[in-house]
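One structure below.
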Amino acid sequence: MLAARLGALKKPVAGLTFNQARNISVQVVARGKYVHGFEVHKVKPSATDEYKRAAESYYASIKDDPELHVKLTGSWETLIGEQDTFYHILEYENYAGYDKTTAKIANSEYQEAYKKMLPYLNSRTLNLAQEFAFFPTAPPHTEGGIFEMRSYQLKPGTLLEWEHAWRKGIEARRKFVEPVGAWFSQVGRLHQVHHLWQYPDLKTRKETREKAWQLDGWAETVSKTANFSKFMDAYVLQPLPYSPLK
């Protein structure tokens, strides 16, 4: 069914603007139930311990407040990649839920807790993303090990084709490991795709990826998705103690 829709969207449609075509692509690939906020904090190297304490005070508190209607998917520190960088992924009840939650936080004691992180930051970014329809984010669990965040900057207009190619190959790779989550950006830095994996250690990651290359179709998947991408990053992350995913 997806292939049929993919073919249909490749055909020119009279009067269809770029934004309309983009909206159709989003409707095809998005799960649509939640919006995920990707908060990325680049911390002063000399202040990581102080930042961790301030971040735990804020994120652990908001995730436990049922009035806010927000879930903390996870919080991580970068081990390999852009060091002194921290990722926090929050789950909101769609865009209306995001508006309500952020308004409540802005007018509560949590705002003061958030401000306590700011002196330790060099920069911060926030992007809103949605889950791919075929893969909802994993529920909270404690399995240990490391996480790998793979991020792709796609060529504009290639999201649907990228998703189709990746989805086809990922079914085979699931024989060895399940993705923890997969998202595409909606607001902020556009045309980005992220998927998150969990491994016991780097050795297991290496062995798992080598097995995937032996599967029929995986090399084709990598080749096709690479053609739709401008560049990519693969960061190794360590979950923070209060992270629901760890």
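The values are calculated or read from the model by the stated rules, or taken from the named source; none is laboratory data. Computed from a predicted model, the values in this text were never measured in an experiment. Positions of Cβ are backbone-derived with ideal geometry, glycine not excepted, and every protein chain shown enters the neighbour counts.
Points to keep in mind about this one:
Table: residues versus (1) touching a residue at least 60 places away in the same chain (Cβ under 8 Å); (2) exposed (fewer than 13 other Cβ atoms within 10 Å of the Cβ).
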site	(1), (2)
THR142	yes, yes
GLN153	yes, no
TRP162	yes, no
GLY169	no, no
LEU190	no, no
THR204	no, no
ASP216	no, yes
SER223	no, yes
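- Enumeration of residues in segment 189-207 that are part of a loop (DSSP other than H, G, I, E, B) and either assigned by TED's automatic domain parsing to the domain that holds ILE89 or closer than 24 Å to SER243 by Cα (or both): PRO200, ASP201
- Tallying residues that are over 17 Å from ALA182 (Cβ atoms), of a type in the set (S, T, N, Q) and in contact with a Leu (Cβ under 9 Å, 6 or more places away or on another chain) within segment 94-149 yields 3.
- When the helices (runs of 4 or more DSSP H) confined to segment 8-106 are screened for residues that are at pLDDT 95 or above, surrounded by 13 or more Cβ atoms within 10 Å (Cβ to Cβ) and among the small types (Gly, Ala, Ser), those reaching at least 1 such residues are found at 48-63, 94-106.
- Sub-7 Å Cβ pairs linking a first residue in segment 84-104 that is farther than 17 Å from LEU72 by Cβ to a second residue that is modelled with pLDDT of 95 or more and in a helix (DSSP H, G or I), at least 6 apart or interchain, are ASP84/PRO45; ASP84/THR48, ordered by first then second residue.
- Only one entry in PHE135, PHE176 is in a loop (DSSP other than H, G, I, E, B), at pLDDT below 95 and touching a strand residue (DSSP E or B) at 6+ places or on another chain (Cβ under 6 Å), namely PHE135.
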